[in-house]
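Read-outs: derived from the displayed coordinates by stated rules, not from any lab. Quantities reported herein were computed from a predicted structural model and do not represent experimental measurements. As a convention, Cβ positions derive from the backbone with ideal geometry for all residues, glycine included, and neighbour counts pool all protein chains shown.
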Amino acid sequence: MKENVDVLKLRTRRGNEIVAVYVKYHRPTCTMLYSHGNAADLGQMFELFVELSNRLRLNVMGYFFFFNFIF
């Protein structure tokens, strides 16, 4: 795992756990929150998150979104 990447387990207001990937840019101007549905998993999205972080020069927080699971 790269040192600029964190894999996090987060708890929702309802007590459900979700997994998120946080890709840190060395001098970010902001952080993008990337929500995606069940068509892909975080492993499939990882390279996209790294590419977005590098090209846009920002942090990226990506997580798997279940509409009625999150809230």
When the convex hull of the C-alpha atoms of the range 5-70 is computed, what volume per residue in Å³ does it have?
-> 81
Before anything else, pin down the relative contact order of the range 5-70: Cα pairs under 8 Å, at least 6 apart, normalised by residue count, whole percent.
-> 40
Förster radius 22 Å - calculated FRET efficiency between Lys9 and Thr29, Cβ distance, rounded to 0.05 = 0.20
